[in-house]
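What follows is a short report on a single structure.
Laboratory data are not the source of any read-out in this text; all were calculated from the coordinates shown. Since the structure is predicted, the reported quantities are computational estimates derived from the model, not experimental observations. With ideal geometry, Cβ positions are generated from the backbone for all residues, glycine too; neighbour counts draw on all protein chains shown.
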Amino acid sequence: MRKTTKLTMLRVFLLYSAAGWIICLAGVFVSTHTAAEILRYFGGVACDGLMEVPVYDYWFRMACGAFGMIGVFFLLLAARPAKYAAVLMLAGWFMVFEGIVLAVYGATLGLPPTPWMGDVGFCFVGGIGILATMNSVTGGKERRK
């Protein structure tokens, strides 16, 4: 595969990863009622009263802010992958590791497939895609001899 094609694919995987994480920033700014509806919709389970507990509302906003900033990190990587080539492997393995964590806990907690299988697929596609195309900017230097 041509190097320019691989670089384009790397950027696509990085932008895909950025979009999946950065969308969480919206959760920082929504009302408590809307936050509860988001959890109900994506969680597939009722969470009546959950967001009325201040610490859960706080943790929801904290998680949304942190996840959103992960998206900003991936956006920076997509904008200048050669400049940040040293962290591409970390970014790819982060996505794969997160996918494994979500798969293990989604299955062991007996959650319905809706909230976690899409997240697992998102993480594996993004992570494996980054790892498979990152040598377009690292030149294979990611492996030490």
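If you take the charge dipole of the chain about its Cα centre, with +1 on Lys and Arg Cβ and -1 on Asp and Glu Cβ, which of Val96, Thr114, Gly65 is farthest toward its positive end? Of the candidates, Val96 comes out farthest on the positive side. Give me the log10 of I(q) over I(0) for the stretch 1-121 at q = 0.10, 0.20, 0.21 Å⁻¹, as the Debye formula computes it from C-alpha points; what are the numbers? At q = 0.10, 0.20, 0.21 Å⁻¹ the computed log10 ratios are -0.38, -1.16, -1.23. Compared with the dominant principal axis of the Cα atoms in the chain, helix 54-79 is inclined by about 20°. Each residue of the stretch 120-130 was assigned a 3J(HN,Hα) from its phi angle through the Karplus expression (A = 6.51, B = -1.76, C = 1.60, θ = phi - 60°), giving 4, x, 4, 5, 5, 4, x, x, 5, x, 5 Hz with x at Gly and Pro. Using only Cα atoms, tell me the angle between helix 88-108 and the longest principal axis of the chain; keep it within 0 to 90° and round to the nearest 10. With rounding to tens, the tilt is 40 degrees.
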